[in-house]
Each structure stands twice: as structure tokens, then as C-alpha cells.
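Here the structure comes first, spelled out in C-alpha cells, and everything after it is commentary.
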Amino acid sequence: MVTATFRFYEELNDFLARPMRRRAFSYACAPGASAKHMIEALGVPHTEVELILVNGESVGFDHPLVDGDRVAVYPKFEALDIRPLLRVRERPLRVLRFIADAHLGGLAPLLRLAGFDTLYDNHYPDADIEALCVAQQRIVLTRDRELLKRRSITHGCYVRTLKPREQLREVFERLDLAGSAQPFRLCLMCNAPLRRIAKEEVGARAPDGVLERHNQFVTCDVCRRVFWEGTHWQRMRALIDSVAGAPERPD
Ligand SMILES: [Zn+2]
């Protein structure tokens, strides 16, 4: 056995057993155990980790630990600028695409509303989520930390809050999404692109009153729903503006 000293920072402490939170502690590891293996053995999914320092040096997940190592583990998207030290992942994802697990059925349409391509199906088995994450370079959003321990899931975010609006705010803040939001680009239901259409094409897909009051319409070519800038749209716009910047007003 080898013994290493660990210290986890910020929200990573939420995953640890209480006596190990927010302090350095010694832990016995199997000889040759990797940093990733030990971090996950202590309960922290590797997708939550952005930076590992061993004796002050940035290392990758597969770094083998030896007796006496001091291991510092930092979360993803920490406000502190750790970029020059990053070695855990070679490069960040350039296009932000998501796949949401079965517990996030309220969050998925809100992300689509904000313009982020988000796959969601409440029947996806974990293996399908893993495969789609890899094949389509999607970030896994989940409330299941076991899912994030799967080896080939490299980008993931453990969602801590329970209500969809709070989840949207949490994901926006942790992944710094405000600058990338493009509201009303995707269909909330289908995750398909919305396309502008002329009023004459709307036909019976919107009530007469709406046709009289509005001039701009978009449609989804998958479900053929039509959307316009009504009160629902304005409420959604306010929600997105609020998570992207100013503190949210109570309803
Ligand atoms: Zn649609």
C-alpha cells in the first residue's frame, strides 16, 4: 500500500464523506493506483475535475500515485484562472452540445430555448448516453454521479439543483454559457432548428388573434409547430436574460 495526502477544493467537497471535506487527509491507495482511480474511489466523478496537482505539478488522470504524494484536486470551471496549469484534458469542446439524463426533463427544453443542442429521452440507458456523448462530443448533464464515472465520458456536469429554472442557472454559471446563448434557434420539443416563415404560411397553425397581432413567426420542420413572440416567448426571454446576467426577480 502507498499513502497519499488529498485535498479537494470548492464544490468537489460535496462528493466526499463528511470527515474528508475541506481539509487535507491521508488515504491508503493500492500500489500503482492512478489519480483518477483514487479520486473516484473517494466519491468524486472524474468529469467534475478540471485540474489535479501532485506535489504542485499538473498531472493527467492516469498519473500513478506513489507514497507520500500530495494530491490537490480542483473542480471544473472554477472562477480562479487555472488555465495555464491545465493538463487533465487536451482541449475543451468547441461546440457546446449536451445530453441530459432522465432526471433532467425540465432542464432540456430550457437549454434548447436558449439555443443549446440538447438530446433528451427519458428512456436512454446509461450505455446509450455514454455512446452518444462520445460519438457526438456531447457534455453529459446528470444527477447520477455513477454515470459520470464511466470511463469514456470525458465532459460531464453533475447538476446539484432540483428545479429546472435553478438548473438552467446552475449550468449557465458553471459552464459559462451566457456568451453562447442564441434564444429561439431550436424547437423546445424536437431540438430541431427553427426557421422563419411568412405570415401567409402559418395558416391554421396559429389562432386568428395571433395572426392579427404578430408579424414574425418561426416553425419547426419536424413537429410543424409555429412559434411567435407572444407572452410565453417574452417570459422565456426574461428567464434567459436573467440567467445570462442580472439576478432573477421573484415571480
Ligand atoms: Zn419541433
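The values are calculated or read from the model by the stated rules, or taken from the named source; none is laboratory data. All values derive from a computational prediction rather than experimental measurement. Cβ atoms come from the backbone with ideal geometry, glycine included; neighbour counts cover every protein chain shown. In case anyone asks, the SASA skips ligands and DNA or RNA and just uses the protein heavy atoms, side chains included. Shrake-Rupley method; radii C 1.70, N 1.55, O 1.52, S 1.80 Å.
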Interchain or sequence-distant (5+) residues whose placed amide H lies within less than 5 Å of the amide H of Leu186 are Gly115, Leu194
A correct Kirkwood calculation over the Cα atoms of the chain returns a hydrodynamic radius in Å of 20.2 Å
For the chain, any Cys whose C-beta has no other cysteine C-beta under 4.7 angstrom counts as unpaired, and these are Cys29, Cys133, Cys157, Cys223
Length gained if Thr231 through Ala28 is fully extended, taking 0.36 nm per residue and subtracting the Cα-Cα distance, is 67.2 nm
Expressed in nanometres to one decimal, the distance between label points 7 Å along Cα→Cβ at Ala135 and Ala41 is 3.5 nm
Two pseudo-spin positions, 7 Å from Cα along C-beta at Met189 and at Lys163, lie apart in nanometres by 2.7 nm
Highest mean packing first, using Cβ neighbours within 10 angstrom, the peptides 47-58, 210-221 sort as 47-58, 210-221
Among beta bridges assigned by DSSP with both residues in the chain, the antiparallel ones amount in percent, to the nearest 5, to 65 percent
With only helices counted (DSSP H, runs n ≥ 4, each -39500 (n - 2.57)), the per-residue ellipticity at 222 nm for the chain, to the nearest 500, works out to -7000 deg cm²/dmol
Interchain or sequence-distant (5+) residues whose placed amide H lies within less than 5 Å of the amide H of Phe217 are Ile197
FRET efficiency for Asp144 and Val66 from the Cβ-Cβ distance with R0 = 35 Å, rounded to 0.05, comes out at 0.60
Here, Val222 and Arg196, labelled 7 Å along Cα→Cβ, have an inter-label distance in nm of 2.3 nm
Cα-based Rg/(2.2 N^0.38 Å) for region 129-248, rounded to two decimals, is 1.31
For region 2-84, the per residue accessible area (1.4 Å probe, Å²) is 46 Å²
Between Glu173 and Tyr9, the FRET efficiency computed from the C-beta separation at R0 = 22 Å comes out, to the nearest 0.05, as 0.85
Given 224-231, 104-111, the highest-first ranking by average Cβ count within 10 Å works out to 104-111, 224-231
The answer for the per residue Cα convex hull volume of region 2-84, in Å³, is 82 Å³
Share of accessible surface on carbon and sulfur in region 114-251, whole %, 1.4 Å probe and ligands ignored, is 50 percent
About its Cα centre, the chain carries a charge dipole, from +1 on Lys and Arg Cβ atoms and -1 on Asp and Glu Cβ atoms, whose size in debye to the nearest 20 is 240 debye
Quick calc, region 98-180, dipole around Cα centre from Cβ unit charges on Lys, Arg (+) and Asp, Glu (-), nearest 20 debye, gives 220 debye
